[in-house]
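The values are calculated or read from the model by the stated rules, or taken from the named source; none is laboratory data. All values derive from a computational prediction rather than experimental measurement. Here Cβ is always computed from backbone atoms with ideal geometry, including for glycine, and neighbour counts include all displayed protein chains.
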Amino acid sequence: MKNILVTGGAGFIGSNFINYILKNRDDVFVVNLDKLTYAGNLENLKESENKSNYRFIKGDITNRELVDYIFQKYSIKHVINFAAESHVDRSILGSEVFFSTNVIGTNVLLEASRRNNIEKFVQISTDEVYGSLGAEGLFTEQTPISPNSPYSSSKAAADMMVLSFHHTYGLPVVVTRCSNNYGPYQFPEKLIPLMILNTLNGKKLPVYGDGLNVRDWIYVIDHNKAAELVWEKGKVGEVYNIGASREMANIDIVKLLLKNLNKSDDLIEFVKDRPGHDRRYAIDSSKIQNELGWKPEYVFEDAMSKTIEWYLQNKPWWERIISGQYQEYYKTLYTNR
């Protein structure tokens, strides 16, 4: 049995990872440590919460005492660090919490991992640490780090610290940098769920600037399969880019959603661009494909249709988020079981 600490496992990508891995494997014991900030939602984990090889602990990764307790109690030998403050707009409004969670929290996990001689530490990062691309080119693992927001700079700092623990202490770490994710359970502040829900509620769809900022999109399950593969087979001390090579401008994403929902483009409303808005991200994922044999399985149009359908079929889930009721879910579960 592999005892894994998954941090940030009540968030969008982390909860999808836990549900995926517990559904498909019986050789893992997962401890989910999540602070349950606004973006953490235990409802995402209903299918996993009663499994015998799963435990949830409410807590902050910056809490050294709690982290040490978890490592000792559950004999943790693997860490997959999804925990992060991740919304660029929020980092612009207030950066302190981003550096506390993303940098200090990562350091706490690394120190605990070093003391407990873990077998693998996977740092889940982002392509945003590379900065902004021009009209041509792709981010490779050799692209210089050049973050442009408080969020991406905090992730870049964490990445460098993770890699330094390998260089200095020999800690078996690996870093993944993924492009924009979409899929079930994504918090409605993000582009795709925000536009879906605004459309369903007859609200305007706010698009920054001219809408021509380009992102590389990947279905969350493809990302999680890649993360699992890197955890098991990734070479320590290395960085792996993860992307599905599907670049789309924000305005084209919005128009595609409107088309799928049979709504008019008249709902689109262009708004003032955010400060320092990176123009284009695009991932070269040839390293993980060539070295580990991973490749994205989901066709973009099919996965987007699945995503839209999920939000249509799970209205109570997102209505509770909009109302704030989701934060009341399972308060009694906050226990070190």
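Of (1) hydrophobic (A, V, I, L, M, F, W, C); (2) within 30 Å of residue 162 (Cβ to Cβ); (3) surrounded by fewer than 22 Cβ atoms within 10 Å (Cβ to Cβ), residue 192 satisfies all except one. Which?
Status for residue 192: all satisfied but (3).
Of the numbered conditions (1) crowded, with 18+ Cβ neighbours inside 10 Å; (2) within 26 Å of residue 204 (Cβ to Cβ), residue 323 satisfies every one except a single condition; which is it?
Only one criterion is unmet by residue 323, namely (1).
Evaluate the stretch 183-203: report whether one residue or more is hydrophobic (A, V, I, L, M, F, W, C), touching a Ser or Thr at 6+ places or on another chain (Cβ under 7 Å) and more than 25 Å from residue 19 (Cα to Cα).
No.
Regarding the stretch 294-309, can at least one residue be identified that is over 20 Å from the mean Cα position of the chain (by Cα) and exposed (fewer than 12 other Cβ atoms within 10 Å of the Cβ)?
Checking the stretch 294-309: at least one residue is over 20 Å from the mean Cα position of the chain (by Cα) and exposed (fewer than 12 other Cβ atoms within 10 Å of the Cβ).
Inside the stretch 145-174, can you point out the residues that are assigned to a loop (DSSP other than H, G, I, E, B) and touching a residue at least 12 places away in the same chain (Cβ under 8 Å)? It would help to see each step written out before you state the result.
Taking the stretch 145-174 and keeping what is assigned to a loop (DSSP other than H, G, I, E, B), we get 145-149, 170-172.
Scanning the stretch 145-174 gives 145, 146, 147, 148, 149, 171, 172.
From the list 123, 142, which residue is without any contact (Cβ under 8 Å) to a residue 24 or more places away in the chain and under 15 Å from residue 238 (Cα atoms)?
Answer to the check: 142.
Give the residue, chosen from 205, 163, that is surrounded by fewer than 22 Cβ atoms within 10 Å (Cβ to Cβ) and aliphatic (A, V, I, L, M).
None of the others qualify; the one that does is 163.
Residue by residue, here is whether (1) at pLDDT below 95; (2) closer than 30 Å to residue 180 by Cα; (3) surrounded by fewer than 22 Cβ atoms within 10 Å (Cβ to Cβ) holds:
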site: 59; (1), (2), (3): no, yes, yes
site: 68; (1), (2), (3): no, no, yes
site: 74; (1), (2), (3): no, no, yes
site: 82; (1), (2), (3): no, yes, no
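Any idea which of (1) modelled with pLDDT of 95 or more; (2) closer than 26 Å to residue 220 by Cα; (3) not acidic (Asp, Glu) is the one residue 116 doesn't satisfy?
Every listed condition holds for residue 116 apart from (2).
Let's see how each residue does on (1) crowded, with 16+ Cβ neighbours inside 10 Å; (2) at pLDDT 95 or above:
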position	(1), (2)
171	yes, yes
174	yes, yes
177	yes, yes
183	yes, yes
201	no, no
211	yes, no
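Out of the stretch 133-176, which residues are charged (D, E, K, R), under 19 Å from residue 285 (Cα atoms) and within 19 Å of the chain's Cα centre (by Cα)? I'd like the intermediate steps shown before the answer.
Here is the first cut: in the stretch 133-176, the ones charged (D, E, K, R) are 136, 141, 155, 159.
Applying the additional criterion that residues be under 19 Å from residue 285 (Cα atoms) yields 136, 141, 159.
141, 159 - these are the residues of the stretch 133-176 that are charged (D, E, K, R), under 19 Å from residue 285 (Cα atoms) and within 19 Å of the chain's Cα centre (by Cα).
So residue 264 clears everything in (1) more than 21 Å from the chain's Cα centre (by Cα); (2) hydroxyl-bearing (Ser, Thr, Tyr); (3) within 19 Å of residue 136 (Cα to Cα) except one condition, right? Which one?
Evaluating residue 264 over (1) more than 21 Å from the chain's Cα centre (by Cα); (2) hydroxyl-bearing (Ser, Thr, Tyr); (3) within 19 Å of residue 136 (Cα to Cα) leaves (3) as the failure.
Tell me, which strands (runs of 3 or more DSSP E) lie completely within the stretch 1-93 with 3 or more residues that are of a type outside the set (A, V, I, L, M, F, W, C)?
On the way: elements: 2-7, 28-34, 54-58, 78-81.
Those strands (runs of 3 or more DSSP E) span 2-7, 54-58.
Does the stretch 35-42 contain at least one residue that is over 14 Å from residue 5 (Cβ atoms), among the polar types (S, T, N, Q) and at pLDDT 95 or above?
no
Would the stretch 149-171 turn up any residue that is among the β-branched types (Val, Ile, Thr) and either touching a Gly at 6+ places or on another chain (Cβ under 9 Å) or farther than 21 Å from residue 109 by Cα (or both)?
no
Look through the stretch 230-267, keep the residues that are closer than 25 Å to residue 280 by Cβ and among the small types (Gly, Ala, Ser), and return whichever of them is surrounded by the most Cβ atoms within 10 Å (Cβ to Cβ).
Among them, the one singled out is 243.
Given the criteria acidic (Asp, Glu), assigned to a loop (DSSP other than H, G, I, E, B) and at pLDDT 95 or above, does residue 309 qualify?
In short, no.
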